[in-house]
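S.K.: First the structure, then my questions, so here it is.
The values are calculated or read from the model by the stated rules, or taken from the named source; none is laboratory data. The structure displayed is predicted, hence computed values, not measured ones. Quick reminder, even Gly has a Cβ in these numbers, built from the backbone with ideal geometry, and neighbours come from all protein chains shown. SASA here: full protein model, heavy atoms, side chains in, ligands and nucleic acids out. Shrake-Rupley method; radii C 1.70, N 1.55, O 1.52, S 1.80 Å.
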Amino acid sequence: MVRNSVELVIFDCDGVLVDSEKICVRVDAVITAELGCAFTEAEIIERFVGSSTEVYTAAVEERLGRRLEKDWQQRYEHLYEAAFEAELTAVDGVAEVLKGLTTAVCVASNGEHPGIRRNLEITGLRDHFGEHIFSASDVRLGKPAPDLFLHAARSMGVEPERCVVIEDSPYGVRAARDAGMRAFGYCGGLTAAARLEGPGTVVFDDMRDLPRLLAAAGQ
């Protein structure tokens, strides 16, 4: 079988471009404890890394036993912002990878546009993507639904089978598969390799290996 050439590389943001997941997990643990429905860091990694805001809110409400106001997370946004300003860095090796890629790239994240752009600016990665940044707020359903990746591909004018997705969560890998795209599961962060493995998926733990893997995918 002849593989389709790779014409677009779609990057998730948190945990793939910016090393934010550990920070978010720590802040999430503080927030849920303050709300009175504490989740451990291990639970947060297992259940929420890479998920949508809706999934996170539903789980918090279930444990809390009541509904939360629609914009409940906004009153905690300053905690994330302060931690990111103080600690956020790019994922090891990703800056040099982006500098060397000649294939078109974009970002597709379950985060909100302001947060995605802020984190890319803090880490010096924003210029690699220009305006090619897509958020779950752009579509009806975020990951694990395939909508966001399909929207990104349409917007970039590339067929799904000619896209590859770089993800670090089971939610994102599942969304890529369901979109008909090849998935590259990065396990150099919080998610174990076994949770990313599956059909049509390459699992790797060093971002510097990505150019070689992409070259092999297009052969």
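S.K.: Of the numbered conditions (1) surrounded by 14 or more Cβ atoms within 10 Å (Cβ to Cβ); (2) acidic (Asp, Glu); (3) in contact (Cβ under 8 Å) with a residue 40 or more places away in the chain, Glu87 satisfies every one except a single condition; which is it?
M.R.: Here Glu87 meets the rest and fails (1).
S.K.: Okay, moving on. Answer yes or no: is there a residue in the stretch 162-170 that is of a type in the set (Gly, Ala, Ser), outside any helix (DSSP H, G or I) and surrounded by fewer than 21 Cβ atoms within 10 Å (Cβ to Cβ).
M.R.: For the stretch 162-170, residues of a type in the set (Gly, Ala, Ser), outside any helix (DSSP H, G or I) and surrounded by fewer than 21 Cβ atoms within 10 Å (Cβ to Cβ): absent.
S.K.: Can you name every residue in the stretch 19-58 that is in contact (Cβ under 8 Å) with a residue 12 or more places away in the chain, over 17 Å from Asn110 (Cα atoms) and either among the basic types (Lys, Arg) or crowded, with 16+ Cβ neighbours inside 10 Å (or both)?
M.R.: Residues satisfying the conditions are Arg26, Val27, Ala29, Ile31, Thr32, Leu35, Cys37, Phe39.
Yes or no, residue by residue, for (1) modelled with pLDDT of 95 or more; (2) under 20 Å from the mean Cα position of the chain (by Cα):
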{"position": "Val16", "(1), (2)": "yes, yes"}
{"position": "Ile31", "(1), (2)": "yes, no"}
{"position": "Val49", "(1), (2)": "no, yes"}
{"position": "Thr53", "(1), (2)": "no, yes"}
{"position": "Leu88", "(1), (2)": "yes, yes"}
{"position": "Val91", "(1), (2)": "yes, yes"}
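S.K.: Out of the residues in the stretch 1-11 meeting the condition of being open to solvent by 10 Å² or more (accessible area, probe 1.4 Å) and in contact with a helix residue (DSSP H, G or I) (Cβ under 8 Å, 6 or more places away or on another chain), tell me which one is farthest from His128 (Cα to Cα).
M.R.: Among them, the one singled out is Arg3.
S.K.: Can you pull out the residues in the stretch 145-160 that are in contact with a Gly (Cβ under 8 Å, 6 or more places away or on another chain) and either hydrophobic (A, V, I, L, M, F, W, C) or at pLDDT below 95 (or both)?
M.R.: Leu148
S.K.: OK, next. Checking the condition outside any strand (DSSP E or B) and of a type outside the set (Gly, Ala, Ser), which residue from Val9, Val60 passes?
M.R.: Working: Val9 fails: outside any strand (DSSP E or B).
The conditions single out Val60.
S.K.: Here's a check for you: in the stretch 187-212, which residue that is in contact with a strand residue (DSSP E or B) (Cβ under 6 Å, 6 or more places away or on another chain) and not polar (S, T, N, Q) is surrounded by the most Cβ atoms within 10 Å (Cβ to Cβ)?
M.R.: Leu196
S.K.: Under 8 Å between Cβ atoms, at least 6 apart or on separate chains: pull out the pairs that start in the stretch 99-117 with a residue that is closer than 26 Å to Glu81 by Cβ and open to solvent by less than 20 Å² (accessible area, probe 1.4 Å) and end on any residue that is β-branched (Val, Ile, Thr) and outside any strand (DSSP E or B).
M.R.: Val107/Ile116; Ser109/Ile116
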